[in-house]
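All remarks here apply to the structure that follows.
Just so you know, all these numbers are worked out from the coordinates, no wet-lab data involved. Keep in mind the model is a prediction, meaning the values are calculated, not measured.
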Amino acid sequence: MSPEAADAVRVDRYRRRMTVTQIVGAAIIVALAFAPYVFEPAVTSSWIKLFYLITLATVWNLLAGYAGMVSVGQQAYIGLGAYGIFVFNDLGLDPYSSALVASVAIGIIAFALSFVAFRLRGGYFAIGTWVIAEAVRQIVVRFDSLGAGRGRSISDYTSDPVMRNLFTYWLALGILAATLIATLFLLRSRMGIALQSIRDNEVAARALGIHVARTKRIVFVIAGIGAGLAGSVICLQAIGVQSPSQIFSVSYSAFMVFMVLIGGIGTIEGPIIGAVIYYVMDLYFSQMGLWYLVVLGALAIAVTLFFPRGIWGALSARYNLAVFPIGHRVVAVAPGAGVRGERRMAMAAGTGK
């Protein structure tokens, strides 16, 4: 490419839209932070579940939708996040500090487990993560201090239900905000481009000089930490764990897959939409028993058949929508045209947003 041709184009990362997203997102987070002073505790308590559902869907989408690692064993980290509270609470930390410290320990554990999981590919990787989760559960139930197979309640916990709900709400909101921010900036970075290359063709990505194992390991650890923090919130809201089989249930992974697929895999907005849909359905239809699971399955099949890219994927493709700007565009620059001239040329080329 000649110097003149190189100077005639530039890469636009949607900085202006990113600024708007940051401002609006910050306003929404601040408004949600003050919501407990406006709404009844019963309302904000139910929102806690929505917050950790969005967190779980986001980290699973980061793992599968962007890194191409389909895991059905994320319940391992959910369970470790819940039981980590007991471990560090027994060492003298309060439950909320225990949740944060446990997330660091979970990151270390996820890093170690990645060397085992990454020896597998495709469907073997998915089944392997499930086996790892079951192995983790079997190890946890061997400790009497963790309740063995009987479950356990949190000790040294505030007796005021209002304050307990308030602190858990803020923790869940903070985890959600941190997850979305980390995901957005990660996908806007060079690593985000590398992740999508690995997802599309791992061999070609390696040939281009991308350090595949290191990039995937970073995402694997981030997804483990996110799931662990969500597990801590689940434990804090329930004031303990009913049983290891409940907190280590593979149904958590099934619900993550459901939320991401119906919302739109490979997008940031899709898991949020999928989590909201699942939350509303769980809130109003969970009392239907087995029919509730039938409805969930029928909805997943319908969305997969008619909207293969998910609800948000279909809307984005149809109307060119993007709430979280993670892509880029090449803008033609005319000499002396300025910013307005660049925008006109981009729109004339059909790429202006």
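Observations on the structure shown:
- 222 nm mean residue ellipticity, helices alone, for the chain (DSSP H n ≥ 4; -39,500 (n - 2.57); rounded to 500): -23000 deg cm²/dmol
- For G240, the residues 5 or more places off, or on other chains, whose built amide H falls under 5 Å of its own are I154.
- For the options V72, V30, V241, a Gaussian network treatment of the chain with springs between C-alpha atoms closer than 10 Å singles out V30 as fluctuating the most.
- Under the Karplus curve 6.51 cos²θ - 1.76 cosθ + 1.60, θ = phi - 60°, whole-Hz ³J(HN,Hα) for region 219-224, x wherever Gly or Pro sits: 5, 4, 5, 4, 5, x
- On Cα atoms only, tilt of 269-285 relative to the major axis of the chain in degrees: 40
- Summary of the geometry: region 170-227 and region 229-275, compared by the centres of their Cα atoms, lie 19 Å apart.
- Averaging over all projection directions, the Cα-based convex hull of region 127-265 occupies 10.4 nm² in the image plane.
- In order along region 191-196, phi translates into HN-Hα couplings of 5, x, 5, 5, 4, 5 Hz, rounded to whole numbers, per the Karplus curve 6.51 cos²θ - 1.76 cosθ + 1.60 with θ = phi - 60° and x for Gly and Pro.
- Region 203-213 - phi-based ³J(HN,Hα) in whole Hz, Karplus 6.51/-1.76/1.60, Gly and Pro as x: 5, 5, 4, 5, 5, 7, x, 6, 7, 4, 4
- The angle separating the long axis of helix 290-306 from the principal Cα axis of greatest extent in the chain is about 10 degrees.
- Long-range tail of P(r) for the chain (Cα pairs > 39 Å, %): 19
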